[in-house]
């Protein structure tokens, strides 16, 4: 029971920022709560087309044997990695092309929630004297920062934000243990020797 009680911080760190983000979109009348679309600027010009391609691959309507070369020279593998390699994009398999706005909303909510969750993981591991309430407030502030809310038009940039606390956890653990090895943040936020 005590173990379950300790985990509620992580659940709340995910749910609270997700709810705040949803309330903001609801209050502003942004899709799916209103007629305003956040699919503007780069999101509508280029990202949606790349998401649609990946969606077609998932639905078997396009081939993975896509040419990763540009017509005038150079490779496109970096473009694939930059725009489409997010783990959240796997959810595109559950949507049709007509539901792209709903995917963008759900992906945004998930990424905001992951920001809060992973920040709570880092804070609990790194600053063990912090009370649960303090961890929740700090992780919530990180997750619903202006940067995150404004980057829903550049959805892939949020991947770096939610992964940052995991990287910090690994670096802190590396420096704390003062030994070499692979840097990772598992349940103990420890170094795994190579």
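Only the coordinates and a few stated rules stand behind these numbers; no lab work does. Note that the structure is predicted; figures quoted are calculated from it, not measured. Positions of Cβ are generated from backbone atoms using ideal geometry, with glycine treated the same way; all protein chains shown enter the neighbour counts.
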Just round it to a whole percent: the fraction of Cα-Cα distances in region 96-185 exceeding 22 Å. 37 percent
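So, by mean Cβ neighbours within 10 angstrom, what's the order for 49-60, 11-22 with the highest one leading? Please report the intermediate quantities before stating the final value.
On the way: 49-60: 15.6, 11-22: 19.5.
Highest to lowest by the protection proxy: 11-22, 49-60.
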For residue 133 and residue 50 in one chain, what is 0.36 nm times their gap in residues minus the Cα-Cα distance, to one decimal in nm? 25.9 nm
